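The structure appears right after this line, and notes come after that.
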Amino acid sequence: MKISPYPVVDGRFVKRKNRFVAEVRLEKAEQIVEAHVPNTGRMKELLIEGAKVGLAYSPSPKRKTAYTLITVFHHNVWVCIEAVAANRLVYQDLMHRHDIEDLKREVKYQDSRFDLARKDQNGFGFIEIKSVNFVIESADHRNRCACFPDAPTKRGTKHLEELINGYKEHFNNALYFVVQRNDADCLVPNQKTDPQFSKMLFQAQSVGMEIHAFLCDVDKNDLVISKEIPIRKLDEKGNISVKGNHIERTK
């Protein structure tokens with residue numbers, strides 16, 4: 001899948017002015033421009049001065065900037081930072097499944113709006129999609145773990161709680177993590193940064209809700225699901241132990 005339909009040019013990250021705007025040096029023009037940052041996560045380990053980035057060029061009178069920062073080259077891998085790309089990727093993937101009877105985007109339920117609503121052989125349900133671009137190494141250096149969230153997410157916790165409540169009402173609800181890079185072998189909840197989200201994730205697993213984590217191959221303007229990876233839990237030492245901390249994939 002193309003991350004952006006617009007031309008993508010090379011740049012070097014200079015600094016982040018705020019949550020939504022960064023300064024980037026265009027490589028060919030040797031000019032510093034402002035670029036929209038399509039992700040409110042902190043991404044401090046990715047957005048460092050001098051990092052190579054991919055910029056979608058889409059000038060318009062309706063836009064404050066002509067560029068959007070969509071990818072970052074970090075430790076020899078491309079990382080997609082455009083959060084909504086994960087939604088489009090999952091939507092396209094599900095649309096190719098023969099068991100999907102109906103699939104809608106941005107569907108409201110109670111006080112939340114979920115990314116997708118589907119109907120398949122298991123019934124009707126909502127799907128929430130989480131974009132992941134933060135990867136950590138276990139303390140024993142044996143695992144590279146995609147980690148979510150990289151900042152506290154009250155909204156994400158609220159969505160997960162409502163998914164669990166809906167699941168108890170027999171909805172076919174699910175949670176999808178899309179790891180927008182290809183250098184992780186598992187996904188773990190970020191218990192230190194957001195213990196409440198982690199607690200809700202374990203609760204979702206305990207009631208049997210469908211939970212997936214997908215790893216992606218990424219290029220400067222390409223994003224494709226490569227495989228599913230296990231969802232695990234770090235112990236108190238920061239390691240993946242052999243027993244007792246694997247969130248089993250359901251369905």
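Arranged by the count of other C-beta atoms within 10 angstrom, fewest first, what order do Phe13, Phe148 take?
Ranking Phe13, Phe148 by Cβ neighbours within 10 Å, fewest first, gives Phe13, Phe148.
Could you give the dipole magnitude of the stretch 83-247 about its Cα centre, charging the beta-carbon of Lys and Arg +1 and that of Asp and Glu -1, in debye to the nearest 20?
Computed charge dipole of the stretch 83-247: roughly 300 debye.
Going toward the positive end of the dipole of the stretch 8-74, with +1 on Lys and Arg Cβ and -1 on Asp and Glu Cβ, which of Val9, Pro59, Gln31 do you reach last?
Of the listed residues, the answer is Pro59.
Just need log10 I(q)/I(0) for the stretch 8-74 at q = 0.14 Å⁻¹, Debye formula, equal scatterers on the alpha-carbon atoms, no solvent, rounded to two decimals.
Debye intensities relative to I(0), on a log10 scale: -0.34.
What is the angle, in °, between the Cα long axis of helix 83-95 and the longest principal axis of the Cα atoms in the chain? Nearest 10 is fine, range 0 to 90.
Tilt relative to the chain: about 50 degrees.
From the alpha carbon gyration tensor of the stretch 57-179, can you work out the equivalent ellipsoid semi-axes (sqrt of 5 times each eigenvalue) and give them in Å, largest to smallest?
28, 22, 15
Hey, fewest Cβ within 10 Å first, where do Lys62, Lys227 land in order?
Lys62, Lys227
What order, most packed first, do the peptides 105-113, 4-12 have when packing is the mean number of other Cβ atoms within 10 Å of each residue?
Most protected by this proxy first, the peptides run 4-12, 105-113.
Using only helices, what value at 222 nm comes out for the chain when you add -39,500 (n - 2.57) per DSSP H run of length 4 or more and divide by the total residues, to the nearest 500 deg cm²/dmol?
Value at 222 nm, helices only, nearest 500: -5000 deg cm²/dmol.
Once the dipole of the stretch 83-247 is set up with Lys and Arg at +1 and Asp and Glu at -1 on Cβ about the Cα centre, which of His170, Ser198, Tyr109 lies farthest towards its positive end?
With unit charges placed on the Cβ atoms, the residue in question is Ser198.
Could you point to the label whose value was computed as Rg/Rh (Cα atoms, Kirkwood Rh) for the structure here, given (1) 0.98; (2) 1.23; (3) 1.01?
It is the one labelled (1).
At a 10 angstrom cut-off on C-beta neighbours, averaged per residue, how do the peptides 90-99, 75-84, 127-136 rank from highest to lowest?
127-136, 75-84, 90-99
Relative to the longest principal Cα axis of the chain, at what angle does helix 195-206 sit, 0 to 90 degrees, rounded to 10?
40 degrees
Using Cβ counts within 10 Å as a stand-in for footprinting exposure, how do Cys216, Cys147 rank, fewest first?
Cys147, Cys216
Students often get this wrong, so check it: of Lys15/Lys192; Lys64/Lys104; Lys154/Lys192; Lys2/Lys227; Lys108/Lys130; Lys154/Lys227, which have C-alpha atoms separated by over 23 Å?
Listed pairs above 23 Å: Lys15/Lys192; Lys64/Lys104; Lys154/Lys227.
Given the C-alpha centroids of the stretch 126-149 and the stretch 28-79, what is the distance between them in whole angstrom?
First find each Cα centre; the distance between them is then 22 Å.
Just so you know, all these numbers are worked out from the coordinates, no wet-lab data involved. The structure presented is a predicted model; accordingly, all values stated were derived computationally and were not measured. Cβ: placed from backbone, ideal geometry, glycine included. Neighbour counts: every protein chain shown.
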